[in-house]
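Down below is the structure, laid out as structure tokens.
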Ligand code: GLU
């Protein structure tokens, strides 16, 4: 059997779209699953649209995600001399022709077509020039392009693995340019030549390429080459039902990472945008995807980029992390914000249960800096069965007890046992003691941990100071 060879063929013209990354991922997974090779080819023949930094973005993204290419990167700009002879062969075969139309003529044509509200298309002016005229023009050194000669009648049919049989009337196909006046190939031409020369067996790309595929197939047919297996991927829509687009404010891969999403979560999420594992399973590492991915699971219906779901998934990924790795990830944010006074591992452990994005860390650190301004009315809490009086009593009891424990015994276990015993001894429900303490220590109902965890992190001096202040506040009835 022929070796499976897939390729990711980005044009380096900007940032990493989510759709591009999905294409790269699926190409890679198909190669892995079928024991083949994955190739990286940079389609940079259109030098005007080139954005230098985007190459770095491509490398960096693939590297971060863990997608390794077996061959490449190949650069079309370094292969320019390869394409021209193929275009000339096509002319000889009668499936392409020299076109000498000047820019002025084409501009005029564009204007006329615009006036009659037509989309711009070439009017085949040079399609049937006589050999003499062609030779004369070439001898004169007139600039020319080479255009693909589309059949005027009939239809081109091809099979797409996802979309099934696709038929296009040949009359709808424009005589597209294959070789430009400067002798460089167009993207459409180089793409086909390279897919053939690089023995690509599976072409995976967005469904926006479905309508160009007949033109490519006519090129394959002219040369008598094998047509690759086509796998066109469904559109990705944003929550408003529009195609995902940076212009509409949709995020690129880099944006998402900068917003605090984890690479692993984004990749897992992207894998499911257009692929269904055939069961309810939602969580896949890249390694697991390499095992589980199937071409049959690719769907043709558009998928929606549901940011709420991505955020949820990211939170789940955070919770699944080893604590050490999580500290590695966010520890610097904690020390940058709080200095080294408090134990960042303990703080991280609390945050790991609560945050969905790594950028949410700072918003939870306030309680470690100071107590928020609050009204003592917050001590009234039905479920916890507390009010200001009960709170005052509980805080005093706690304070008396906590003062007696040595600083170096302030561990979670000791604090836990001490406070729970204290509640029992005084006929208090745990909540009647712990809820007021939590409020006294933070000034808010939404702190990242309970009283015991907070005292452990804040330490003896700071905790006692805060409880003292709260007792004063209650006595003043603020
Ligand atoms: N260079 C094209 C792109 O960036 C590749 C299309 C294809 O995969 O054939 O979209």
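The values are calculated or read from the model by the stated rules, or taken from the named source; none is laboratory data. Since the structure is predicted, the reported quantities are computational estimates derived from the model, not experimental observations. As a convention, Cβ positions derive from the backbone with ideal geometry for all residues, glycine included, and neighbour counts pool all protein chains shown.
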Quick check on region 75-86. Is at least one of its residues under 22 Å from the mean Cα position of the chain (by Cα), within 16 Å of the ligand (Cβ to nearest atom), part of a helix (DSSP H, G or I) and crowded, with 22+ Cβ neighbours inside 10 Å? no
Counting only residues in region 33-55 that are under 20 Å from the mean Cα position of the chain (by Cα) and touching a residue at least 40 places away in the same chain (Cβ under 8 Å), the one farthest from the ligand (Cβ to nearest atom) is identified as 55
Just to be sure, is residue 227 touching a helix residue (DSSP H, G or I) at 6+ places or on another chain (Cβ under 7 Å), under 30 Å from residue 185 (Cα atoms) and part of a loop (DSSP other than H, G, I, E, B)? yes
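Find the helices (runs of 4 or more DSSP H) located wholly in region 361-478 whose residues include 3 or more that are out of contact with any helix residue (DSSP H, G or I) (no Cβ under 8 Å at 6 or more places or on another chain), and list them. Spell out the reasoning first.
On the way: elements: 366-369, 388-404, 412-425, 430-442, 451-458, 460-476.
So the answer is 388-404, 412-425, 460-476.
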Can residue 19 be described as within 11 Å of the ligand (Cβ to nearest atom) and part of a helix (DSSP H, G or I)? yes
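Does region 1-16 hold any residues that are within 12 Å of the ligand (Cβ to nearest atom) and in a strand (DSSP E or B), and which are they?
The initial filter retains those residues of region 1-16 that are within 12 Å of the ligand (Cβ to nearest atom), namely 6-14, 16.
Matches in region 1-16: 6, 7, 8.
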Reported set for region 140-153 where residues are in contact with a strand residue (DSSP E or B) (Cβ under 8 Å, 6 or more places away or on another chain) and closer than 11 Å to residue 173 by Cα is 148, 149
Going by the conditions given, is residue 133 surrounded by fewer than 17 Cβ atoms within 10 Å (Cβ to Cβ), at pLDDT 95 or above, over 22 Å from residue 3 (Cβ atoms) and away from the ligand (no atom under 16 Å from the Cβ)? yes
For region 176-189, enumerate the residues that are more than 11 Å from the ligand (Cβ to nearest atom), surrounded by fewer than 22 Cβ atoms within 10 Å (Cβ to Cβ) and touching a residue at least 60 places away in the same chain (Cβ under 8 Å). 177, 183, 184, 186
May I ask you to list the residues in region 190-202 that are free of Cβ contacts under 8 Å to residues at least 40 places away in the same chain and either within 11 Å of the ligand (Cβ to nearest atom) or on the phi > 0 side of the Ramachandran plot (or both)? 192
In region 22-32, is there at least one residue being without any contact (Cβ under 8 Å) to a residue 60 or more places away in the chain and within 11 Å of the ligand (Cβ to nearest atom)? yes
Of all residues in region 242-265, count the ones that are in contact (Cβ under 8 Å) with a residue 60 or more places away in the chain, exposed (fewer than 15 other Cβ atoms within 10 Å of the Cβ) and in a loop (DSSP other than H, G, I, E, B). 1
